[in-house]
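Quick note: the coordinates plus some simple rules give every number you see, no bench work behind them. Source: prediction; values computed, not measured. A quick note on method: Cβ atoms are made from the backbone with ideal geometry, for glycine too, and the neighbour counts reach across all protein chains shown.
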Amino acid sequence: MSRQRYSYQPRAGHGLPHDPLNAIIGPRPIGWISSISRDGQRNLAPYSFFNCFNYRPPIIGFASSGWKDSVRNITETGEFVWNLATRSLAVPMNESSASVPREQDEFALAGVTPLAASQVNVSMVAESPVNFECKLSQCIQLQGADGEKVESWLVLGEVVAIHIDSHLLEEGIYQTAKAEPILRAGGPSAYYAISDELRFDLIRPDAR
């Protein structure tokens, strides 16, 4: 059975109304990252290029297009916090993405409450049901296959403390759907939620 395919080489442009790359790699979890500058200025910003990369030690990371305040702060202090973005926090999360002066406190802009962390000197989002306190492990400037540096940085951090609202743990098992995480999709505005109605289970072959 033959099928038509749309093909392109990214360096030559995609030729579409919106780049499909981040719609195909999706939906993507959101890195809602809080940080603090060396002089004590709080920052809060969402990053849709985010994920978990290692179990032990637990390492999470996000990529920033451009040397933004989050990257600057984290490289200055060596610390940050990831805050779970949920359906009820979608609007505040989106508000915190605004391009504002460095001295603007995005916690205040988004209308969320700063909460002291236990292992790092960075505020957590009190309204978020899950927070990861992180220590910087690597900050890597990305490069193409030709070795040319690009204006994007991958920030990796070891998770040194985890906080989970107790109602999300049932018999010790974290209930992903109950937390109502939101996930970024394609286009300029698309997000998705998840639900238990869409769940299915598979057992790894080695565990059968």
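By counting other Cβ atoms within 10 Å of each Cβ, how are L198, L84, L168 ranked from fewest to most?
Working: L198 8, L84 23, L168 17.
So the ranking, lowest neighbour count to highest, is L198, L168, L84.
If you plug each phi of segment 162-177 into the Karplus form 6.51 cos²θ - 1.76 cosθ + 1.60 with θ = phi - 60°, what whole-Hz ³J(HN,Hα) values come out, in order, with x for Gly and Pro?
Calculated HN-Hα couplings, in order: 10, 10, 10, 4, 4, 5, 8, 10, 10, 6, x, 9, 5, 9, 4, 5 Hz.
Tell me what the chain gives for mean residue ellipticity at 222 nm when only DSSP H runs of n ≥ 4 count, each as -39,500 (n - 2.57), the sum divided by the residue total, rounded to 500 deg cm²/dmol.
-2500 deg cm²/dmol
Considering segment 76-158, what Rg and Dmax in Å follow from its alpha-carbon atoms?
Every Cα atom of segment 76-158 included, Rg and Dmax give 15.1, 45 Å.
Points 7 angstrom from Cα along the Cβ direction at S195 and S166: gap in nanometres?
Going from the S195 label point to the S166 one covers 2.9 nm.
At most 13 other Cβ atoms within 10 Å and a DSSP loop assignment: could you name the trypsin sites (Lys or Arg not before Pro) in segment 3-88 that fit?
Sparse-neighbourhood loop trypsin sites (Lys or Arg not before Pro): R3, R5, R38.
Can you sort D69, D196, D105 by how many other beta carbons sit within 10 Å, fewest first?
Values: D69 19, D196 9, D105 14.
In order of increasing Cβ crowding within 10 Å: D196, D105, D69.
Apply the Karplus parameterisation 6.51 cos²θ - 1.76 cosθ + 1.60, with θ equal to phi minus 60°, to every residue of segment 90-98 and state each ³J(HN,Hα) to the nearest whole Hz, in sequence, with x for glycine and proline.
Per-residue couplings from phi come out as 4, 5, x, 4, 5, 4, 6, 8, 4 Hz.
I'm spelling it out carefully: the read-out is percent of Cα pairs over 31 Å apart, the candidates are [x] 11; [y] 25; [z] 40, and one was derived from this structure. Which label?
The value matching this structure is [y].
State, to one decimal in nm, how far the label point of H18 lies from the label point of Y6, with both points 7 Å from Cα in the Cβ direction.
1.2
Counting other Cβ atoms within 10 Å, keep those with at most 13, restrict to DSSP loop, and tell me which GluC sites (Glu not before Pro) in segment 51-134 are left. Walk me through the intermediate numbers first.
Working: sites: E76, E79, E95, E103, E106, E127, E133; in loops: E103, E127.
Loop-located and lightly packed - E103.
Are there chymotrypsin sites (Phe, Trp or Tyr not before Pro) in segment 43-111 that DSSP marks as loop and that have at most 12 other Cβ atoms within 10 Å, and which are they?
On the way: sites: Y47, F49, F50, F53, Y55, F62, W67, F80, W82, F107; in loops: F49, Y55, W67.
Here the chymotrypsin sites (Phe, Trp or Tyr not before Pro) that fit, given the DSSP loop and packing criteria, are Y55.
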